[in-house]
Amino acid sequence: MFFLLAFLTGIVINIQLICNSSLAKKIGLINATFINFFLAFVFIFIYKAVNFDLYNFSNISDIPFIFFSGGLLVIIITLLANFLIPKLPLIYSTIFTFLGQIITSLILDSIYGYQFPLSKLMGISFIFTGILYIIAYDYLEKRFSKKEIIR
């Protein structure tokens, strides 16, 4: 069940990246990011209103301020994604995002005392090797294409 949800999340993230980058091309980077977060706010507000959970913020002052930095990170990630997606092929953007998430999760796991097996490290190295192979193949294919040989 969780594998299916993870798979569907990956699909939705890629669709969201394409939609946001297309919107950023049309109306600008900052405006697209603002619309993204405004719509998220509206949907969360509607969800909370339907569940009659609008006033459940009695202990919000007890939360350390650093925990709210996740929102700032999401804004930065959305800005970077909206900027980079039109400039990179989607497969590179997806692979690098995926690789960054894996490496960061392994680092954070090790900081918080969880040990990860050597098989995960080997899996990451295979993924990274595959990425390097794809990049090298694309570079060589463009460099030695027929158009460049004819010129």
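Each value in this text was obtained by applying a stated rule to the coordinates, not by laboratory testing. Everything numeric here is computed off the predicted structure, so don't read it as measured data.
Structure values in brief
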item: Note, ³J(HN,Hα) from phi for segment 80-97, Karplus 6.51, -1.76, 1.60, rounded to Hz, x at Gly and Pro; result: 5, 5, 5, 7, 7, 4, x, 8, 10, x, 4, 5, 5, 4, 5, 5, 5, 5
item: Convex hull projection area averaged over all views, segment 88-151, Cα basis, nm²; result: 5.1
item: Vicinal HN-Hα couplings computed from phi for segment 16-23 (Karplus, 6.51 cos²θ - 1.76 cosθ + 1.60; Hz; Gly/Pro x); result: 5, 4, 5, 4, 5, 5, 5, 5
item: Identified option (computed Cα extents along the principal axes in Å; candidates (1) 83, 38, 22; (2) 69, 45, 31; (3) 198, 34, 23); result: (2)
item: Extension gain, F126 back to C19 (0.36 nm per residue minus Cα-Cα distance, nm); result: 35.5 nm
